[in-house]
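One structure is given below, encoded as structure tokens.
The values are calculated or read from the model by the stated rules, or taken from the named source; none is laboratory data. The structure displayed is predicted, hence computed values, not measured ones. Cβ: placed from backbone, ideal geometry, glycine included. Neighbour counts: every protein chain shown. When the accessible area is computed, the model is the full protein with side chains, heavy atoms only, and any ligands, DNA or RNA have been set aside. Shrake-Rupley method; radii C 1.70, N 1.55, O 1.52, S 1.80 Å.
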Amino acid sequence: MNTLSTEDILKISKKKKRSIKTKKDIIGFDVMGGAESFPITDDSLDILETVDTTWAAGAPFRRQTQRSSRYYKGDQWKDKVVIKHRDGSKEVLTEEEYIESQGKPALKQNLIRPNVRNIIGQLRLSPYKSTVFARTADGQKAADMVTTALEGVHTMNNKNERDARVYETFLVSGAAIYETGYKFDDERKMPYPYYKAVDPSRYFQTISASDVCGEDVDFCGDFFDTSLIDIKSMYAKTRKQERELEEIYGKSTRRDVVTNLQHVTSNAENVSPRISLGTGECRVIRVCRKEGHWDLAVHDYSDASWETYNLNTHPNIKATIDAEISRRKKIAKELGVDYEDGSNRLLIEYEEKYVTSWVYYHLSPWGHILWTQDSPFEHNSHSYVVKYYPLYEGMAYGMVYDLIDQQKAINRNYIMHDFITSAAAKGVLLVPEEAIPDDMDIEDFADEWSRYNGVIKYRAKDGVKQPEQVVARNFNVGQFDMINLQMRLMNDISGVHDAMQGKSLGTGTPSSLYQQAVHNSQTNILDYMESFAWFLMKRDYKMIQIIKQFYNEPQYIPSSSKGKSNFYDPAVVRNFDLYNEISKGNDTPVARMYLDTLLFQLLQQKLITLEMYLEESTAPFSDSLLQKVRAMQGQMEGGQMPTQEQIAGLSQGIPQSSNDAMSQLQQMLIPQM
């Protein structure tokens, strides 16, 4: 809203009438993070209470995730068993403790991890890729520009490695979580949109949320530990605030060395939002909460603007607007201008409306508000991307959970075979007392018998048998058949069959049948893949909105896209509504071979130019050859013909097996020059 003077009104009245065009200009909310203190309020304590409640509700999921994680890592004998002794007493032991109490090691064969690794490998072989589209036909240039910018953001965030690790967590626990935002990279010396994985054991959300797309979540967050130095750099704006942070967290900058290192043993069972691990680090609780408030929407015809004011943070704004309206009416009356006529560009209209928005909080474990702000992102949502699988009746669990029973059966049959083999190999020595010489006792006899070159003398008497060792027969009780059965069941349940593992289906199997077997195996894991693809699509959508919001200056964005301009112009993108779709990439050996063959056929038929071919080709020599061709084109535009040495240089870096292809490429290049 503008405060107009009499001169402004006279100027406006003399201007040519034009149609009113409005724009949306939402005023940002106040930020408490810049205040002179970090208060504890009733609201912050209420938020912490909700954190405790939602955290406690997630305990069954965390216990189940920890059990699946143990089996995935090979720690598979930690389930509790109740042992009943002869005297009637009971003792609770782990399966490992019970087995070791009988003098045997707790052997296991971890068959879960190879299946999970195989499915992760399927993702790495053919990663998902988002393509941006505009809702109108004239926005395709903007969509292509944002697609390239999104690929650059993925490059800076090491997308393939992060996605593989989050997918691993998804298969084990049934949860995939990213935290998104915008930050400054100290190494690259530039700000960029980022996303990073959140440990499901440190995440909490609305208890009653059951929608598979997470649309019914109105409270969520996580917590992290960091050093006091980082706490100061994030939240201290003045020296006074630095001293207050030292009083809150203590002045110690020492980090304790603990035996329970995160890289060795997961300590998720001992983690709690308001209780630190005692490692000398500072705990911060991040919360996103949907809140409602009354806003005042103001439409000022003088500059064709829409402005929205939060009545909580601007309590006097209505009185200010009413005063401006009265002043404009008075001036309009003096000038003989109709105030109500919108074409005179004097009218101000406003209305109150109740709206909801996400508010972000960073809290200490004791309730200090370190930072709070209405959602700083234009997507007006929380900063997390979350996918729980499958949410059948509200329950979440990963693929590993389905394989635990088969793994337990394999381990039990394996260790049963170990017990039977040990008992059969032990044997028992039968020695008649009459056969033991006078100068030896039974212990001397046993020691000599156990020696590999021992010599034993004994008395041979009529009717007295010689010493004899009795060995039990090792007979098959079906352990191997049971183990094979459980292995087949594990492959059926996981969907990772022999064809997907690269194993032969038998002599004489046609390639078409083999490919069909691979396809059928991939169909069995399709539900996991598509659920994770939805998660990545939502992640990319938030990245697109952050790119549009924060990339407000023309710039070149680092990107791995070949043959595409990495220049980003916000003026081109700003006014278009963009969305994204995700699909499998073509970065597989078969797809690359098919693409290169098709491109070369099009080049031979002169349906595409050499430059178009090199831009899309995945051949190892295409990048260097494209640079040389463009350099020659630049010389030709300057009136200078390329030399024979430059043309001969086209063959550098090309494998010897590509001589025929190179000769055809040179023949096609020379006429163009």
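Would you confirm whether or not segment 571-584 contains a residue that is at pLDDT below 80 and over 29 Å from GLY634 (Cβ atoms)? For segment 571-584, residues at pLDDT below 80 and over 29 Å from GLY634 (Cβ atoms): present. Those residues that are within 21 Å of the chain's Cα centre (by Cα), over 27 Å from HIS314 (Cβ atoms) and of a type in the set (Ser, Thr, Tyr), I need them from segment 352-396; list them, please. Selection gives TYR384, TYR388, TYR389.
Specify the residue that is farthest from ALA106 (Cα to Cα); the eligible residues are those in segment 40-79 that are touching a Ser or Thr at 6+ places or on another chain (Cβ under 6 Å) and charged (D, E, K, R).
The residue in question is ARG62.
Could you check segment 150-169 and list, in sequence order, the residues that are open to solvent by 40 Å² or more (accessible area, probe 1.4 Å), in a helix (DSSP H, G or I) and either of a type in the set (A, V, I, L, M) or out of contact with any helix residue (DSSP H, G or I) (no Cβ under 8 Å at 6 or more places or on another chain) (or both)? Outline the logic, then answer.
Residues of segment 150-169 open to solvent by 40 Å² or more (accessible area, probe 1.4 Å): 155, 158, 160-162, 165, 169.
After this cut, where a residue has to be in a helix (DSSP H, G or I) as well, the list is 155, 160-162, 165, 169.
THR155, GLU161, ARG162, ARG165, listed by residue number.
Among the residues of segment 194-210, how many are of a type outside the set (Ser, Thr, Tyr), touching a residue at least 40 places away in the same chain (Cβ under 8 Å) and open to solvent by 30 Å² or more (accessible area, probe 1.4 Å)? If you could, list the steps in order and put the result at the bottom.
Initially, segment 194-210 is screened for residues of a type outside the set (Ser, Thr, Tyr), giving 196-200, 202, 204-205, 207, 209.
Filter once more, keeping what is touching a residue at least 40 places away in the same chain (Cβ under 8 Å): 198-200, 202, 204-205, 207.
If we keep only those that are open to solvent by 30 Å² or more (accessible area, probe 1.4 Å) too, we end up with 199, 202, 205, 207.
The total comes to 4.
Within segment 273-284, not a single residue is farther than 30 Å from PRO200 by Cβ and either touching a helix residue (DSSP H, G or I) at 6+ places or on another chain (Cβ under 7 Å) or part of a helix (DSSP H, G or I) (or both).
Residue by residue, here is whether (1) modelled with pLDDT of 90 or more; (2) among the β-branched types (Val, Ile, Thr); (3) more than 22 Å from the chain's Cα centre (by Cα) holds:
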site: CYS220; (1), (2), (3): yes, no, no
site: ASP225; (1), (2), (3): yes, no, no
site: LEU245; (1), (2), (3): yes, no, yes
site: VAL258; (1), (2), (3): no, yes, yes
site: LEU261; (1), (2), (3): no, no, yes
site: GLU269; (1), (2), (3): no, no, no
site: ARG274; (1), (2), (3): no, no, yes
site: GLY278; (1), (2), (3): no, no, yes
site: GLU281; (1), (2), (3): no, no, yes
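In segment 79-101, the count of residues that are surrounded by 18 or more Cβ atoms within 10 Å (Cβ to Cβ) and touching a Phe, Trp or Tyr at 6+ places or on another chain (Cβ under 8 Å) is one or more. Please go through segment 170-185 and give me each residue that is in a helix (DSSP H, G or I) and either free of Cβ contacts under 8 Å to residues at least 60 places away in the same chain or among the hydrophobic types (A, V, I, L, M, F, W, C) (or both), ordered by number. Selection gives PHE170, LEU171, VAL172.
For the condition in contact with a Ser or Thr (Cβ under 7 Å, 6 or more places away or on another chain) and either without any contact (Cβ under 8 Å) to a residue 24 or more places away in the chain or closer than 30 Å to ARG592 by Cα (or both), what is the one hit in VAL116, VAL92, VAL132, VAL82? Before you say what the answer is, go through the steps one by one.
Numbers: VAL116 fails: in contact with a Ser or Thr (Cβ under 7 Å, 6 or more places away or on another chain); VAL92 fails: in contact with a Ser or Thr (Cβ under 7 Å, 6 or more places away or on another chain); VAL82 fails: in contact with a Ser or Thr (Cβ under 7 Å, 6 or more places away or on another chain).
So the residue among VAL116, VAL92, VAL132, VAL82 that is in contact with a Ser or Thr (Cβ under 7 Å, 6 or more places away or on another chain) and either without any contact (Cβ under 8 Å) to a residue 24 or more places away in the chain or closer than 30 Å to ARG592 by Cα (or both) is VAL132.
SER233: closer than 28 Å to ALA59 by Cβ and either open to solvent by 60 Å² or more (accessible area, probe 1.4 Å) or at pLDDT below 90 (or both), yes or no? No: the conditions fail for SER233. Scanning segment 478-503 for residues that are out of contact with any helix residue (DSSP H, G or I) (no Cβ under 7 Å at 6 or more places or on another chain) and either more than 30 Å from ILE120 (Cα to Cα) or modelled with pLDDT under 70 (or both) gives GLY478, PHE480, ASP498, GLY502, LYS503. Under the condition of being touching a residue at least 24 places away in the same chain (Cβ under 8 Å) and open to solvent by 40 Å² or more (accessible area, probe 1.4 Å), the residues counted in segment 335-355 number 8. Within segment 37-65, residues that are more than 15 Å from LEU370 (Cα to Cα) sit with their Cβ atoms under 8 Å from residues that are in a helix (DSSP H, G or I) and aliphatic (A, V, I, L, M), at 6+ positions apart or across chains, in these pairs: ARG62/ALA268; THR65/VAL172; THR65/ALA268.
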